[in-house]
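Below is one structure; the comments refer to it alone.
The values are calculated or read from the model by the stated rules, or taken from the named source; none is laboratory data. On a predicted model such as this, the values are computed, not experimentally measured, just so you know. Every residue, glycine as well, gets a Cβ built from its backbone with ideal geometry; the counts of neighbours run over all protein chains shown.
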Amino acid sequence: MFQSIRSSIHSQLSTIRITSYRNIGYLHRGERIRGLIRDESEYLLNPNGLKYNLESILPLKQYLSTLLENKSQINDELLLQISTHKSFAHGSKPFNEKLAIYGGHFLKYKTSLFAIQTGGIDSLGSKTSKDLISRKVLAEFIRKNELNQGIYWKKRDQLLTDSSINGEDSVFATVLEALIGGLLLNKGKLITEKFINERLLNETDPNSLINIAKNIK
Amino acid sequence: MQSIIKSSSSSSSSVTFIRIRQFSTSSTLFNNLSNSNKTIVSEEDASKSAPLVALHKRLNLPNDYKLGTLTRALTCRSSRGNLANNYGLNILGKNFLSYYVNEYLLSKYPRLPLPVLNTAVSSYISTESLHNVGKYSWGIEIDETPILNKILNEEPKEYSLGKLRFLPINQIEETGITKLTSKSKDEINSSSAYALGVRSIIGGLYISTQSEDLTKKFIYDHIISRKLDLSKMFEFEQPTRELSRLCKREGLTKPIAKLLVENGRLSDKPIYVVGVFSGEEKLGESYGSSLNEAKIRASVNALKNWYLYKPLNNSVPSDKDYKPSIIDHGIVIV
Amino acid sequence: MHFFIRSLARIQLRNTSRVFTSPITNYSLLANRTFSISSTKYNQTITNTTQDSKILKQLPDLTPLKLEDDLYAVIKVHSNPFLVTEGDKVILPYNLKHAQVGDVLNFNDVAVIGSRNYTFTDDSIDPSLYTIKAVVLEKTKLPMRIREITKRRQRKVRHAISKPHRTILRITELKLK
Amino acid sequence: MPIKPIPLLPKFQNGLGSFILQCKKITLQVDKAGGSSEGLRQFLKLRLNNYAISNPKIEFRIVEKHGHPIIKGHYINGREKAICIRNLNVDNVENKLNLLKESSGEQLRKRTNKVESINQSIRGIWSPLHVDPSIRHKI
């Protein structure tokens, strides 16, 4: 691996040559055989059996298009990253972990300001303000707005059906938080605030977090 | 003498007059009273507390920030008395802090891996860190004087409003007195109390000014402006392997280590400079006293170059003139 | 891939230390070569910028420096040079009488501004190119020193006491405009 | 986990971001009748009010005690500085107060460098291995 060359860095830079490569010609399909590299399209499927491609993000795109109106839309790759959980494909595809952390903090921050507006400083830390952004409510929001089809993740155990145990709630909540994080990083604070005020913390909207949190109990 | 004192206390300055007497006894017999009837301190009472006024001015808090709010921020839930406590302010301050520190780090280093990001955030806003802010940069004092001493010293009732009030864990043991009650769950140590105080002061700033921008600026000035060297926070277990996984994911040519310069190979202190190249691009370079060491160091250097990439524009999403920069694809999973 | 290219460029340029110099075009600056003490307090914005508009200035292009991460500068106080970066403490060997603790100082006599790979030098760099600010942290003294002064073949010992003043500044801002 | 984070605490540098006056409290110890306290008594009567108003960041505390007058500065770093001001006149008392105010509470020490820095060297350390190979020293 090391070539001991006594010449200078300059000559070194010009003499780098790429040596031979091993190219993989065969992608295995069908049953898994150890040592063979599988065809991606075979196993890159979400629990609903949807293939990993840009078409699946159309519902999310439509959902956002009314929000962003005539402003430029979020690019498709970012939307796909937003709807991909870390558990999918062993993290080899861009995933939403950090976006979710960031978006989650923003959501928490905004809901605390919302709680102060409605109930004063003493309402912070109460059960109602905590429930507003619980995993269960956030996941229900994704389901109610029919964004749950195109989410890529991997079930911990295929046999578990209860959504609070098999990880579905957690993954869906992460996607919503990542959506907020992605909007923030791509479009800035104002539009994200608009999104939160119109869609998440809007009392008149039956699908908002406030109404979901009321009904879920 | 009395006339001097009156003239000075009538102004807005922070002067107190205390007659010191020596007492050897101290008392901690007073129990925690219930916090059911909470009162918010009036502005007039609060302005009589010299440490409170001084703290307000020292932190350059705006005039909208009422002294009563500052008193509330310094009153922990466990403190005795019936003053309004900082429970809500603390939560608000915590939300502000965690959002803005996360935003700052994510915008400044978009590719920072999550474990390092979380550690860096907690370096800024952990209890220990905020304790340092409260104690060693803001100079907040703890209200430690026993009540009996306060009475005997003729200390004004309002004086202790400017100090941090909480129920400490390590109460002074008195000889001949056995504590029968078990440890209360409200008891906190001084560093948690300091952290509560600092977070609440930040929460109180928003409550007083209703301005997110002012609060953000305050957080940047006092919390984020401290120096933290992120490049010293990494420890890689398998740097060479991780680098090759990274190159594979990003579609780069497989990384190859090449010896650039060497000196003293036959001596007992040889030195090698190795660069890691992907195709013709140099990813990282470092030195070592053996070829393997230099290669590992070079890989670490390349990984740090990648993870600590700083975009040129330094705006954050909450800025008005925000320009989006790159969005990271996530940590490399080996 | 910016960082790869930048780090590559860095290595290539390290060997050839490049210095861009430009002739002094603004002679009015040479007359006033100390720092000015701003009357503003900390955290206040300063708006008074008086520029001599009669002299046509051709400002040098400092884009390479602007693309770099960290900067250093050599600032001069009463022609005494100090090499500083942001956050450094500068120890002035005297009592800065007119400045109070907490005041902000603007430096306008700067000889060098540079980064890892580039350096810009001038006799006195045009102040419209940079902002360098410091805050007065502390006005203190050195520990008292007693020196024994004797003359040969005489028994008398004189004790010379010295406790000189120091003013300590912190560089709070160092950036190109 | 491939990357292990190492926890560090950030370092506070006063003046960066915000400047905080290090002197937080000054105690003025005065004797009611003693002759050596005359200057301080004058100061308390005539000037303290204005002095306290012009220095709102500092808490002033007057203590009545027998003996020579002492002024004591309390600093954020936890240290104290005490100065005995016996027989000093009003102006000298004020000068001593200014001295306490302008100090950071750090113990007086020798300053060996013109600039004290915790930053890494920006220009880097010179390396003999990176000079032009035609003039590089070879062993």
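Values for this structure:
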| read-out | value |
| --- | --- |
| Residue within region B:161-182 that is touching a residue at least 40 places away in the same chain (Cβ under 8 Å), assigned to a helix (DSSP H, G or I), in contact with a Pro (Cβ under 8 Å, 6 or more places away or on another chain) and within 10 Å of another protein chain (Cβ to nearest Cβ) present | yes |
| Qualifying residue in region D:82-90 (condition: of a type outside the set (D, E, K, R), within 9 Å of another protein chain (Cβ to nearest Cβ), part of a helix (DSSP H, G or I) and closer than 30 Å to B:S47 by Cβ) | no |
| Considering residues of region D:42-59 that are more than 7 Å from chain B (Cβ to nearest Cβ) and buried (at least 20 other Cβ atoms within 10 Å of the Cβ) only, the residue farthest from B:I219 (Cα to Cα) | D:F43 |
| Residue that is surrounded by the fewest Cβ atoms within 10 Å (Cβ to Cβ) [pool: residues in region B:264-273 that are away from chain C (no Cβ under 13 Å) and assigned to a strand (DSSP E or B)] | B:I271 |
| Given (1) buried (at least 18 other Cβ atoms within 10 Å of the Cβ); (2) under 10 Å from the mean Cα position of the chain (by Cα); (3) of a type in the set (S, T, N, Q), number of the condition C:N106 does not satisfy | (1) |
| Residue that is surrounded by the most Cβ atoms within 10 Å (Cβ to Cβ) [pool: residues in region D:104-130 that are within 14 Å of chain B (Cβ to nearest Cβ) and in contact (Cβ under 8 Å) with a residue 24 or more places away in the chain] | D:G105 |
| Residues (under 30 Å from C:Y72 (Cβ atoms) and either of a type in the set (A, V, I, L, M) or in a loop (DSSP other than H, G, I, E, B) (or both)) located in region C:129-168 | C:L129, C:I132, C:A134, C:V135, C:V136, C:L137, C:L142, C:P164, C:I168 |
| Tally, over region B:227-278, of residues that are of a type in the set (V, I, T) and in contact with a Leu (Cβ under 8 Å, 6 or more places away or on another chain) | 5 |
| Failed item, numbered, when A:V137 is tested on (1) more than 14 Å from every other protein chain (Cβ to nearest Cβ); (2) assigned to a loop (DSSP other than H, G, I, E, B); (3) in contact with a helix residue (DSSP H, G or I) (Cβ under 7 Å, 6 or more places away or on another chain) | (2) |
| Residues (part of a loop (DSSP other than H, G, I, E, B), under 24 Å from D:I58 (Cβ atoms), within 7 Å of chain D (Cβ to nearest Cβ) and touching a strand residue (DSSP E or B) at 6+ places or on another chain (Cβ under 6 Å)) located in region C:83-105 | C:V101 |
| Residue check, B:L308 aliphatic (A, V, I, L, M), in contact (Cβ under 8 Å) with a residue 40 or more places away in the chain and in contact with a Leu (Cβ under 8 Å, 6 or more places away or on another chain) | yes |
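Per-residue answers, yes or no, for (1) at pLDDT below 80; (2) under 19 Å from A:A178 (Cβ atoms); (3) among the aromatic types (F, W, Y):
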{"position": "A:Y43", "(1), (2), (3)": "yes, no, yes"}
{"position": "A:Y52", "(1), (2), (3)": "no, yes, yes"}
{"position": "A:L64", "(1), (2), (3)": "no, yes, no"}
{"position": "A:N70", "(1), (2), (3)": "yes, no, no"}
{"position": "A:L78", "(1), (2), (3)": "no, yes, no"}
{"position": "A:I82", "(1), (2), (3)": "no, yes, no"}
{"position": "A:K86", "(1), (2), (3)": "no, yes, no"}
